[in-house]
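What follows is a set of notes on a single structure, which appears directly below.
The values are calculated or read from the model by the stated rules, or taken from the named source; none is laboratory data. Only a predicted model underlies this, so the values are computations on that prediction, with no experimental measurement involved. Calculation scope for accessible area: heavy atoms of the full protein, side chains included, ligands and nucleic acids excluded. Shrake-Rupley method; radii C 1.70, N 1.55, O 1.52, S 1.80 Å.
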Amino acid sequence: MKEKNVKNANNGHHEVANTNQATLNMVFQDNALLPMLFGQDDVHLARIEKKLSVTASSRGNVLALTGEKHNIETSKAVLEALYDDLKKGAEIGPAQIDAAIRMLGHHDVSDERTLFGTQELVIKTLRKTIKPYSPTQANYIQMLGSNEICFALGPAGTGKTYIAVAMAVAMFNSQRVEKIILSRPAVEAGEKLGFLPGDLKEKVDPYLRPLYDALFDMMPGEKLTRHMENGEIEVAPLAFMRGRTFSNSFVILDEAQNTTPTQMKMFLTRMGQGSRMVITGDLTQTDLPKDVKSGLGDAVRKVEGIEGIGCVRFGEGDVVRHNLAAKIVQAYDEWDRKKKNNPAT
């Protein structure tokens, strides 16, 4: 960013109206944090400029933001949230910047402390602290805390499973539940199991690997191994759930779009006292045969609205992976819409 002289910087905030444009000056007290806040060669400021249509220019510890009033106020809130995170020892990168913009760009910025980084919306595990990266993720975290059964629907990359595993680990560490059970329907394995090498565990583990990966992100390896060996944490295919009752457990069924209605009913009725259940899936990505109805969509239609059951729906705007992942989801959705409206295409 180019340096320029900024007058009246000492008051912290100074706006100059010019038709639809305004200028707002921010003063930061800790100069040592500014290189991390602005990024190398001001790359973080450039990202904020591009995404929020503002111009940012710095001189010393004063940053001038110019643009439409709403955009500069949002930029200010984003920078303040990131600055607060740096003061707490957090690291700032493109993902954190995009998350702050997502969280603060669609709400009244005067309410940002209720949306971004508040205690209620943080999940603390032994290895990391999980914060919401989109407003829908914030609603999801709140829903997980207030409902015994929660459905999370939407495309890959929205954090449905990752946040659920984080909440499971947090509740397990605080002794609010005694067990964590993570499951997936191994639809592909049902077709190819006989051709895979190894025993049954080795055959199905590739389909459960994303769940293992999430657990290792939340808990030190030696602790996780010990809890899995003594049965306090279990990762198993859905077929292993039949005939059981889950009490004082946090149970997650991932990729639930690949369940049949019978399997889903079986799973939901396993719930015992003191337990939580989270069911995640993407109804547009079912691997079931064409003539088989998805148990996930069937269950949501039948049980949504029952007290104690929550349902959150993620969209393409909630994809928090690489920017291209969101664009790919959008391209597929647009193609499907065109195909539905014009089958001959």
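What to note about this one:
- Per-residue SASA remark: Phe216, around 80 Å² accessible (1.4 Å probe; ligands, DNA and RNA not included).
- Other-chain or far-sequence residues with amide H under 5 Å of Ile279's (modelled H): Cys150, Phe151, Ala152, Leu253
- When each of Lys87/Lys223; Lys124/Lys160; Lys51/Lys87; Lys131/Lys179; Lys88/Lys131 is checked by Cα-Cα distance, pairs over 21 Å: Lys87/Lys223; Lys51/Lys87; Lys131/Lys179
- A simple rule links phi to the HN-Hα coupling: the Karplus curve 6.51 cos²θ - 1.76 cosθ + 1.60 with θ = phi - 60°, which for the stretch 24-40 gives 10, 9, 10, 10, 9, 7, 9, 4, 5, 8, 5, x, 6, 5, 7, x, 4 Hz, with x for Gly and Pro.
- Close amide-amide hydrogen proximity is noted between Ala186 and Leu238, Ala239, each under 5 Å apart and 5 or more residues distant or on a separate chain (H modeled in the peptide plane; Pro and chain starts excluded).
- Probe 1.4 Å - accessible area at Asp282, Å² to nearest ten: 20
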